[in-house]
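Heads up, the thing below is written out as structure tokens.
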């Protein structure tokens, strides 16, 4: 159960570029989609080349303790790169897709839609992490997963704690509506954005939310705090901070946006 009076900004957020953010919640330290490799070209097996254009705002050595990695998917280098993959060996728990959980080994657990896991808090009590729907492209989920693979989002809840949503690489507002029906309003929403597009797949349509959709997702969720990620450092991201700021301002949400501490 989440306290109705839980503070909106209970925890600070550090962002490192791309989809990677670090935050402490309920005494545990969570890291989203770890990406720390240098700029360069990274091949997606059977797919396009991803070009990283800027270095991360830190390295794995800068993180300190990480208790849990929330990994939206393991198949694309802009969500899990070589440095991030090496980091997983030192993290007690990695939560990801069912298929990714099988690929990544014993310290990982896959969460299907609405599956949950209880994590012990250092001072007693638990945090519940629930896997929630995410669709990495336009169209029916089965068709998208055949091209882009499985993706999962996460909702974190706990007694006296704010409700946190981590979208992962999701392009579906219908999925956001399902999540809002079960968990809304949320206190903090980590929204993966950037309007990434590839001319060779989906006819150039977005495979993750664009800026206007991110603002709409925040409204659907009733998000009290919005932390945008996944909008910089890669060439296939076609919208960045300027477009996000404009979209959130147009939606009357500018005062809810927090960009996080860089590095």
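Once the Cα-Cα distance is subtracted from the 0.36 nm per residue extended length, the residue 38 to residue 62 segment shows a gain of 7.1 nm. Which entry in (i) 16.7, 50; (ii) 19.2, 63; (iii) 19.3, 69 matches Rg and Dmax of the Cα atoms in Å derived from the coordinates of this structure? Answer by label: (i).
Ranked by the mean number of other Cβ atoms within 10 Å of their residues, highest first, the peptides 48-55, 169-176, 119-126, 135-142 come out as 169-176, 135-142, 48-55, 119-126. Relative to the current alpha-carbon distance between residue 255 and residue 199, full extension at 0.36 nm per residue lengthens the span by 16.7 nm.
The slack between residue 85 and residue 106, meaning 0.36 nm per residue of separation minus the straight C-alpha distance, is 6.2 nm. When each of 230, 76 is scored by the number of other beta-carbon atoms lying within 10 Å, the sequence from fewest to most is 76, 230.
Apply 1/(1 + (r/R0)^6) to the Cβ-Cβ distance of residue 173 and residue 245, taking R0 = 35 Å, and write down the FRET efficiency to the nearest 0.05. So, using R0 = 35 Å, E works out to roughly 0.95. Let me make sure I get this right: for segment 32-111, a, b and c are the square roots of the gyration tensor eigenvalues over alpha carbons, sorted descending. Under 1.5 in a/c it's rounded, otherwise prolate if a/b > b/c, else oblate. Which is it? Oblate is the answer for segment 32-111, as a/c is 1.5 or above yet b/c matches or exceeds a/b.
Remark: relative contact order (the chain) = 19 percent; criterion is Cα-Cα distance under 8 angstrom and separation of 6 or more residues.
Only the coordinates and a few stated rules stand behind these numbers; no lab work does. The structure presented is a predicted model; accordingly, all values stated were derived computationally and were not measured. Neighbour counts are summed over all protein chains in view; Cβ atoms, including those assigned to glycine, are modelled from backbone coordinates with ideal geometry.
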